[in-house]
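What follows is one structure encoded as structure tokens, with my remarks underneath.
The values are calculated or read from the model by the stated rules, or taken from the named source; none is laboratory data. Source: prediction; values computed, not measured. Glycine also receives a Cβ, built like all others from the backbone with ideal geometry; neighbour counts cover every protein chain displayed.
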Amino acid sequence: MKRSAAGEQTLVAVVLNGVRRSARAEPRMLLSDFIRQRLGATGTHVGCEHGVCGACTVRLDGVPVRACLTLALQADGRRIDTIEGLAGPGGMGALQLAFRRHHALQCGFCTPGILMSMSELIERGPRPTEDEVREVLAGHLCRCTGYTPIVRAVLAAAAAMRGDEESADA
């Protein structure tokens with residue numbers, strides 16, 4: 001990554017949802033703005049702009065990060081996964097389907113960030129406990145669902161991904 005003075009733009013190259021992409025960014029541009037404005041992936045939402053609400057959560061090299069607290073230049077040469085990349089080739093992924101089936105979203109504003117965090121939780125351990133789901137969920141603000149449907153959806157999705165269909169419908 002070439003360093004630049006304030007106001008100048010630097011070419012930032014990333015792998016966005018498995019596709020190599022690049023665009024120019026000023027040194028102070030936030031990753032959330034870079035993803036939305038320069039790369040056109042508008043599923044990443046910006047809520048509080050202070051890292052509190054979790055709406056802007058994306059995965060950077062597999063790790064959930066707040067895109068509103070990360071500079072675009074910090075992502076240079078790295079992999080970014082957003083909600084647009086979570087679905088499988090045939091449509092929605094298991095986690096997204098479970099959210100729909102368990103009514104785990106209403107307005108949908110916080111949902112992309114929650115899904116990105118929960119997808120990492122399930123990948124890290126395919127049998128998350130309710131307490132583990134709630135611990136990760138504590139980093140996200142949702143004013144619509146009351147959280148219980150989200151917890152049920154995550155546990156059901158994890159079960160479905162393990163092939164435990166009987167538990168998936170719980």
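Quick notes
- Residue in the stretch 69-88 that is without any contact (Cβ under 8 Å) to a residue 40 or more places away in the chain and over 28 Å from GLY163 (Cβ atoms) present: yes
- So ARG127, is it of a type outside the set (A, V, I, L, M), in the same structural domain as GLY43 (by TED's automatic domain parsing), at pLDDT 95 or above and out of contact with any Gly (no Cβ under 9 Å at 6 or more places or on another chain): no
- The one condition in (1) buried (at least 19 other Cβ atoms within 10 Å of the Cβ); (2) at negative phi that ALA87 fails to fulfil: (1)
- Residues that are of a type outside the set (A, V, I, L, M), in contact with a helix residue (DSSP H, G or I) (Cβ under 7 Å, 6 or more places away or on another chain) and not in a loop (DSSP other than H, G, I, E, B), drawn from the stretch 113-143: SER117, SER119, GLU130, GLU132, ARG134
- Residue within the stretch 51-66 that is hydroxyl-bearing (Ser, Thr, Tyr), at pLDDT 95 or above and surrounded by 23 or more Cβ atoms within 10 Å (Cβ to Cβ) present: yes
- Contacts under 7 angstrom Cβ, first residue in the stretch 97-115 being closer than 13 Å to THR148 by Cα, partner part of a helix (DSSP H, G or I) and basic (Lys, Arg), 6 or more apart: HIS102/ARG152
- Residue ID - modelled with the highest pLDDT, chosen from residues in the stretch 146-165 that are outside any helix (DSSP H, G or I) and either small (Gly, Ala, Ser) or within 18 Å of the chain's Cα centre (by Cα) (or both): TYR147
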